[in-house]
Amino acid sequence: MGIGTGIAGFICFIVGSLFQLLWLAIVVSAILSWLFAFDIINYRNRFVAQLANFLDSVVTPLLAPLRRFIPPLGGIDITPIIALLIISGVQRYLLPPFCGALAMLLGGGV
C-alpha cells in the first residue's frame, strides 16, 4: 500500500464520517423538533436551546433547498426523510467508486 492509497483511504474515511455525522444531526434535529412540538422539552433549558440552535444551523442549509420543492404533507415535513435517503444513497452508491478512483489517482493506478 503506497502513501497515495493511504491518503485516499483517509480522505474517504473523513468524507464518510462527515456524512454519518450529518445523518445523525438530521435525526437528532427531527427528534428534538417533535419533543418541542409536544412540549416534552422546551427552550428554557439552556443546554437544550444551544443544542437545538446548533443543529438548526447545521441542518437548515441542507433541508432548505428540499423544502422549496417538497411541500409539507398534511402538516408533516418529510424533507428530513428525503435528505436521509439522499445521504444514504450517496454513501452507498457514489462514495465507494469515488474512493476507488481517488485511490487509483493518488496511488499511481494499478
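The table for this structure:
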| read-out | value |
| --- | --- |
| Long-range amide H partners of Ile70 with built H, under 5 Å | none |
| Under DSSP loop assignment and at most 15 Cβ neighbours within 10 Å, longest chymotrypsin sites (Phe, Trp or Tyr not before Pro)-free interval of the chain | 44-110 |
| Cα centroid separation, the stretch 65-104 to the stretch 12-43 (Å) | 15 |
| Value of relative contact order over the chain, rounded to a whole percent, pairs C-alpha under 8 Å and six or more apart | 47 |
| Pairwise FRET efficiency - Ile3 versus Ser57, Cβ, R0 = 30 Å, nearest 0.05 | 0.25 |
| Nearest-0.05 FRET efficiency for Ser17 and Leu73, computed from C-beta distance (R0 35 Å) | 0.65 |
| Span-like helix ranges in the chain, DSSP H, alpha carbon extent 24 angstrom or more, Kyte mean at least 0.5 | 3-37, 46-69 |
| Label of the coordinate-derived value, P(r) over Cα pairs in 5 Å bins from 0, in percent, listed as (1) 2, 11, 22, 27, 24, 10, 2, 0; (2) 2, 11, 16, 17, 15, 12, 9, 7, 5, 3, 2, 0; (3) 2, 12, 23, 25, 19, 11, 5, 2, 1, 0 | (2) |
| Residue-normalised accessible area of the stretch 63-110, given per residue in Å² at a 1.4 Å probe | 70 |
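The values are calculated or read from the model by the stated rules, or taken from the named source; none is laboratory data. Just so it is clear, the model here is predicted, and its values are computed rather than measured. All Cβ positions, glycine included, derive from the backbone under ideal geometry; neighbour counts span all protein chains shown. For the accessible areas, the whole protein counts, side chains as well, though only heavy atoms, and no ligand, DNA or RNA atoms are used. Shrake-Rupley method; radii C 1.70, N 1.55, O 1.52, S 1.80 Å.
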